[in-house]
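A short write-up of the structure that comes next.
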Amino acid sequence: MKLITRFSDGTLAVKLEGEIDEHSVIDIRRRADEAIEAHAFADRAIFYLGGVSFMDSTGIGFLIGRYKKLRRFGIRAYISGPDPTADKILTMSGVYTLIPKINDEEDRL
Amino acid sequence: MKNYMRMELSAIGSNEGFARSTVAAFALPLNPSLAELSDLKTAVSEAVTNCIVHAYASSPAESSLVVIECETEPFLEGEDAGNEGGGIIHIRVRDYGCGIDDVGKALQPFYTTKEDEERSGMGFTIMQTFMDGFKVESEKGVGTTVFMSKKIGLKDGVDA
């Protein structure tokens, strides 16, 4: 599982690549939290899921967990580019009501 | 012709990817679409994760096993018989762990016994949504078995 972060213009971009499951999430959870803490002054964070080839319900827990952390710093969170299966999971679990989906064409990474 | 496979895995997290990929590979002769394959992998991942995280409480003994059985059969008659190459896959995921206190509760969306671990409580809901058939049997101290089935090769999707 790969996690790439980049900060520019008040936006923390978090790009995820690979398969998110209960096993692989442990490492990216820690690294995402480190990035959030290092950019606690950001205006918003965008999670790019275009490179995620597999995700089960672990992804819901991961995103909601990061959302809660970001909210403590007053940072808004967004999701971009989920594949159809991830989109189905995120829709049925109501994740988008907390972390809206955006079409962010800009390549921040 | 019917086809059958059975595998036994140590109940450890690094086997989750292996389990879902193997079941997906077993289903390939039924000509699944990419979406069907993705649904299958997600449902199996949820079931195996439950065994590891809940049944064996993330601390497996050497003897803690997850047993996965799959059977495929082609559509021979009925409304789906025209789908050449398609068929149905039956999957059974079994553990010999702690069992579920209240299956009815466990099936409710967002119900989780491990909220502090960022568990979503959506595992069974996803299995039910992504598969056509679903049933769970559990006995305290004996273990849990999840039965799932799915029609494969139905849609005009992109072939995997």
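At-a-glance table
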| item | result |
| --- | --- |
| Tally of residues being of a type in the set (Val, Ile, Thr), surrounded by fewer than 20 Cβ atoms within 10 Å (Cβ to Cβ) and part of a strand (DSSP E or B) across the stretch B:127-155 | 2 |
| Residue in the stretch A:36-57 that is of a type in the set (Ser, Thr, Tyr) and either assigned to a helix (DSSP H, G or I) or more than 12 Å from every other protein chain (Cβ to nearest Cβ) (or both) present | yes |
| Top-ranked residue of the stretch A:71-95 - restricted to ones that are more than 14 Å from chain B (Cβ to nearest Cβ) and either under 19 Å from A:ASP56 (Cβ atoms) or part of a helix (DSSP H, G or I) (or both), ranked as modelled with the lowest pLDDT | A:GLY81 |
| Criterion (more than 17 Å from B:ARG92 (Cβ to Cβ) and among the acidic types (Asp, Glu)) met by exactly one of B:GLU62, B:GLU8 | B:GLU62 |
| Among the candidates B:VAL136, B:VAL93, residue that is closer than 19 Å to B:THR22 by Cβ and at pLDDT 95 or above | B:VAL93 |
| Residue check, B:PHE26 within 18 Å of the chain's Cα centre (by Cα) and closer than 19 Å to B:ASP132 by Cα | yes |
| Any helices (runs of 4 or more DSSP H) falling wholly within the stretch B:11-117 and containing at least 3 residues that are within 13 Å of chain A (Cβ to nearest Cβ), buried (at least 22 other Cβ atoms within 10 Å of the Cβ) and of a type in the set (Ser, Thr, Tyr) | B:34-50 |
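Residue-wise test of (1) β-branched (Val, Ile, Thr); (2) farther than 28 Å from A:MET92 by Cβ.
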{"position": "A:ASP21", "(1), (2)": "no, no"}
{"position": "A:ALA32", "(1), (2)": "no, no"}
{"position": "A:PHE41", "(1), (2)": "no, yes"}
{"position": "A:VAL52", "(1), (2)": "yes, no"}
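The values are calculated or read from the model by the stated rules, or taken from the named source; none is laboratory data. The model shown is predicted, which means the values in this text are computed figures rather than measured ones. In this analysis, Cβ positions are derived from the backbone assuming ideal geometry, glycine residues included, and neighbour counts consider all displayed protein chains.
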